[in-house]
1. So in segment 166-199, with the set limited to residues that are free of Cβ contacts under 8 Å to residues at least 12 places away in the same chain and assigned to a loop (DSSP other than H, G, I, E, B), which one is farthest from the ligand (Cβ to nearest atom)?
2. Residues in segment 137-144: is at least one closer than 14 Å to S120 by Cα and more than 11 Å from the ligand (Cβ to nearest atom)?
3. Among the residues of segment 118-125, are any within 18 Å of G141 (Cβ to Cβ), in a strand (DSSP E or B), in contact with a strand residue (DSSP E or B) (Cβ under 9 Å, 6 or more places away or on another chain) and within 16 Å of the ligand (Cβ to nearest atom)?
4. With under 15 Å from the mean Cα position of the chain (by Cα) and either among the polar types (S, T, N, Q) or outside any strand (DSSP E or B) (or both) as the only criterion, which of L42, L74, L21, L15 stands out?
5. What are the residues in segment 136-165 that are in a helix (DSSP H, G or I), surrounded by fewer than 13 Cβ atoms within 10 Å (Cβ to Cβ) and of a type in the set (D, E), if any?
6. Inspect segment 46-55 for any residue being of a type outside the set (D, E, K, R), within 14 Å of the ligand (Cβ to nearest atom) and under 21 Å from R167 (Cβ atoms) and give the result as yes or no.
7. Within the set of pairs 6+ apart or on separate chains, which have a first residue in segment 22-35 that is more than 12 Å from the ligand (Cβ to nearest atom) and small (G, A, S), a second that is modelled with pLDDT under 95 and in a helix (DSSP H, G or I), and C-beta atoms under 9 Å apart?
8. Just checking, how many residues over segment 173-191 are under 13 Å from the mean Cα position of the chain (by Cα) and over 17 Å from L12 (Cβ atoms)?
Amino acid sequence: MKIFLDTANYGLIELWAQTGLIDGVTTNPTHLSKESGDPVALIKKLCALLPNGHISVEVTEVAPERVYTQAKTLAALAENVVVKIPCHSDYFPIIKKLVDEEVQLNITLVFSLMQGVCMSKLGVLYISPFVGRLEDLDVDGVSLLGELSDMLDQYDYETELLAASIRHVRHIHAAIEAGVDIITVPPTVLATALNHPLTDRGMELFAADWKKLGIHTFP
Ligand code: G3P
């Protein structure tokens, strides 16, 4: 399973990149609005930092023909840019055109099985269901992950399932159980998922017991 970081913060991405665990980054207009400086320069820096990872960058235009042009411009920023486009029917014709032109797309704001089926049918690279935002409405976002995963297997689509809007460690575990290809996780949630108080406690106990021996050089 691949792990993407759901942030545009260069410092945090640089830190996590050193762990070797990070396969890509998903940004969106909200993430970029929290960072200072030129967003284009930041995107290029992120693409250079993770040259083998996919960096998702979302369109900000609204009219379909402008979204199409912007998607082409974003894709030309670096080879590893994946263009995020909302799953809205106004954009289906340009999504199809961009797929035919081999632009790598991450279809975002996916909230239903049928949206997922249709985007996979168009041949996009990723579909991103938003688990947390469904749960905000008291809808079971985790079940949607399982349904989308089964659907992709059933029809043998090549589109990859990218679980987004991951708010808690339990969302990560549910996404793994659903068999998603990728989870995109905020750095704070990833840190919480990887640390465990019993690991800390175990290290303290081992260190205390070892100290009792009074050995300074080992081996
Ligand atoms: O990748 C999309 C994700 O960032 C949305 O998360 O928490 O704003 O619903 P959230």
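The values are calculated or read from the model by the stated rules, or taken from the named source; none is laboratory data. Just so it is clear, the structure is predicted and the values come from calculations on it, not from any experiment. No Cβ is skipped: glycine too gets one built from the backbone with ideal geometry, and neighbour counts run over all protein chains shown.
1. H196
2. Checking segment 137-144: not a single residue is closer than 14 Å to S120 by Cα and more than 11 Å from the ligand (Cβ to nearest atom).
3. No; the residues of segment 118-125 include none that is within 18 Å of G141 (Cβ to Cβ), in a strand (DSSP E or B), in contact with a strand residue (DSSP E or B) (Cβ under 9 Å, 6 or more places away or on another chain) and within 16 Å of the ligand (Cβ to nearest atom).
4. Details: L42 fails: under 15 Å from the mean Cα position of the chain (by Cα); L74 fails: under 15 Å from the mean Cα position of the chain (by Cα); L15 fails: under 15 Å from the mean Cα position of the chain (by Cα).
The unique qualifying residue is L21.
5. Residues satisfying the conditions are D136, D153.
6. Here is the first cut: in segment 46-55, the ones of a type outside the set (D, E, K, R) are 46-55.
So of that shortlist, the ones also within 14 Å of the ligand (Cβ to nearest atom) come out as 54-55.
Checking the rest, the ones that are also under 21 Å from R167 (Cβ atoms) come to none.
The answer is no, given that none of the residues of segment 46-55 is of a type outside the set (D, E, K, R), within 14 Å of the ligand (Cβ to nearest atom) and under 21 Å from R167 (Cβ atoms).
7. Partner pairs satisfying both residue conditions: none exist.
8. Of the residues in segment 173-191, 4 are under 13 Å from the mean Cα position of the chain (by Cα) and over 17 Å from L12 (Cβ atoms).
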